[in-house]
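Accompanying notes for the structure given below.
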Amino acid sequence: MIVVTGATGNVGRSLVQALAGVGEKVTATSRRVMAADLPDGVLARPADLTDAGSLRPVLDGAEALFLQNGGADAHLLDPGQILDAARDGGVRRVVLLSSQGVATRPESASHGRVGRAIEDAVRRSDLDWVILRPGGFDSNAYAWAESVRALRTVAAPFGDVGLPTVDPDDIAEVAAATLREDGHAGRIYELTGPALNTPRQSAGALAEALGEPVRFAEQSRDEARAQLLRFMPEPVAETTLAILGEPTPAERRISPDIERVLGRAPRSFADWARRHVAAFR
């Protein structure tokens, strides 16, 4: 049995579908997971990553664990207790969804230090481990959905700064492979898309997918900061703006790891936009 935490998220949802599609026995867990939202045969077990005790019954009898890094609640996780519960339940393989920022922003409390502590706990464990470090997600473009639907406009800062954003479905496929296959233990995979993609280019890709013009409106840094502060703490907003506006060479690097694991090139943002265009109509 494979346990998937964060099963209702962008990566977890696709991972559950990928594993179920090849006949794996899967238990999907998150705070509000419901059987109606899962493929047939997948077991829904609500649990909270910030409460390792709630995971113990979920992990009983499991062989492998996909561990989501907790997102905004990462600082509340006790990874040692989670890994102890996994080991006690029978888990021998853990795949951690971490973040590129652990390596590229090591001094950032929001992107580096907390993530590093979780990674270190996984690496110190006696389990076979794999760490996945994706950069920015293509699905972050959902933040533009309302303005594209209403005004056919994408508003974003740093319109011509490109990053190799990655399709969450590609992350899920890599996770499925590393959960099911031998030969990945002790590896850290950096997951990016196939090319640098700017916000202006993203607006163009959405326009092509819709078959209608989409205007790009460049925000100032202050305008973007005010928008981010509506739903994230100030330190996270500042680090996010730094990545978007002044990415390091490592954050702009296109990684070969998706192709190494899957035997194919990663999908482009345009591919993602075509598959999810309904959200922008």
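The values are calculated or read from the model by the stated rules, or taken from the named source; none is laboratory data. Remember, it's a predicted structure, so these values are computed and weren't measured experimentally. Cβ sites come from the backbone with ideal geometry, for glycine too, and all protein chains shown count toward neighbours. Note: accessible area is taken over every heavy atom of the protein model, side chains too, but ligands, DNA and RNA are not part of it. Shrake-Rupley method; radii C 1.70, N 1.55, O 1.52, S 1.80 Å.
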Picking from ALA36, ALA145, ALA47, which is most flexible by a Gaussian network model of the chain using Cα springs under 10 Å?
ALA36
Note down the magnitude of the dipole of region 138-236 about its Cα centre, charges +1 on Lys and Arg C-beta and -1 on Asp and Glu C-beta and zero elsewhere, to the nearest 20 debye.
360
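From the Cα gyration tensor of the chain, with a ≥ b ≥ c the square roots of its eigenvalues, which class applies: rounded if a/c is under 1.5, or else prolate if a/b is larger than b/c, or else oblate?
prolate
Kindly provide the helix-only [θ] at 222 nm of the chain, computed as the sum of -39,500 (n - 2.57) over DSSP H runs of four or more divided by all residues, to the nearest 500 deg cm²/dmol?
Working: 13 runs with 115 residues, N = 281.
Value at 222 nm, helices only: -11500 deg cm²/dmol.
What does the charge count near ARG221 come to, summing +1 for each Lys or Arg and -1 for each Asp or Glu among other residues with Cβ under 11 Å from its Cβ?
Details: positive: ARG225; negative: GLU218, ASP222, GLU223, GLU238, GLU246.
With Lys, Arg at +1 and Asp, Glu at -1, the net is -4.
Dipole of the chain, Cα-centred, from +1 at each Lys and Arg C-beta and -1 at each Asp and Glu C-beta, to the nearest 20 debye? Please report the intermediate quantities before stating the final value.
Numbers: 32 positive and 38 negative charges, 63 e Å.
Charge dipole of the chain: 300 debye, to the nearest 20.
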Once you have all Cα-Cα distances for region 24-160, histogram them in 5 Å bins from zero and send the whole-percent values.
2, 9, 16, 18, 17, 14, 11, 7, 4, 2, 0
Out of ALA86, SER99, VAL122 - ranked by how far each Cα lies towards the positive end of the dipole of region 63-133, with unit charges on the beta-carbon of charged residues - the top one is SER99
How far is the Cα center of region 104-183 from the Cα center of region 11-56, in Å?
20
Please sort by residue number the trypsin sites (Lys or Arg not before Pro) in region 147-190 whose DSSP state is loop and whose Cβ has at most 16 other Cβ atoms within 10 Å.
ARG152
Pick out, from ALA224, ALA205, GLY6, the residue whose Cα sits farthest towards the positive end of the charge dipole of the chain, with +1 on the Cβ of Lys and Arg and -1 on the Cβ of Asp and Glu.
ALA205
Between THR50 and ARG124, what's the calculated FRET efficiency when r is the beta-carbon distance and R0 is 30 Å? Round to 0.05.
0.90
Rounded to the nearest 0.05, FRET efficiency between ALA143 and ARG252 (Cβ-Cβ, R0 35 Å) equals 0.95
Distance in nm between label sites at ALA217 and GLU181, each 7 Å beyond Cα in the beta-carbon direction?
4.5
Non-local residues with an amide H under 5 Å from the amide H of VAL26, with H modelled 1.01 Å from N and Pro and chain starts lacking one, are ILE2, LEU43
What residue among PRO247, PHE269, ALA175 has its Cα farthest toward the positive end of the dipole of region 154-281, where the charges are +1 on Lys, Arg and -1 on Asp, Glu, each on the Cβ?
PHE269
How high is the FRET efficiency between LYS25 and ALA150 when r is their beta carbon distance and R₀ equals 45 Å, given to the nearest 0.05?
0.55
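Place a +1 charge on the Cβ of each Lys and Arg in region 1-74 and a -1 charge on the Cβ of each Asp and Glu, then give the dipole magnitude about the Cα centre in debye, rounded to the nearest 20.
Values: 6 positive and 8 negative charges, 17 e Å.
Dipole about the Cα centre, nearest 20: 80 debye.
How would region 27-86 be classified by its alpha-carbon gyration tensor: rounded, prolate or oblate, with rounded meaning a/c under 1.5 and the a/b versus b/c comparison settling the rest? Mind dumping the intermediate values first?
Numbers: a/c = 2.18, a/b = 1.42, b/c = 1.54.
Note, shape of region 27-86 comes out oblate.
Given the chain, what percent of its DSSP beta bridges are antiparallel, to the nearest 5?
Values: 1 of 31 bridges.
The antiparallel fraction comes to roughly 5 percent.
Is the C-alpha gyration tensor of region 194-281 telling us rounded, prolate or oblate? Criteria: a/c under 1.5 is rounded; beyond that, a/b larger than b/c is prolate, otherwise oblate. Intermediate results must be reported in sequence, preceding the final value.
On the way: a/c = 2.12, a/b = 1.16, b/c = 1.82.
It is oblate, given that a/c is not under 1.5 and a/b is not larger than b/c.
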Simple spin-label estimate for PHE231 and GLN81 in nanometres, 7 Å along Cα-Cβ:
2.9
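For region 4-62, which whole-number percentage of the solvent-accessible area (1.4 Å probe, protein heavy atoms only) is attributable to carbon and sulfur atoms? Walk me through the numbers before you get to the answer.
Numbers: 1330 of 2870 Å².
Reported share for carbon and sulfur atoms: 46 percent.
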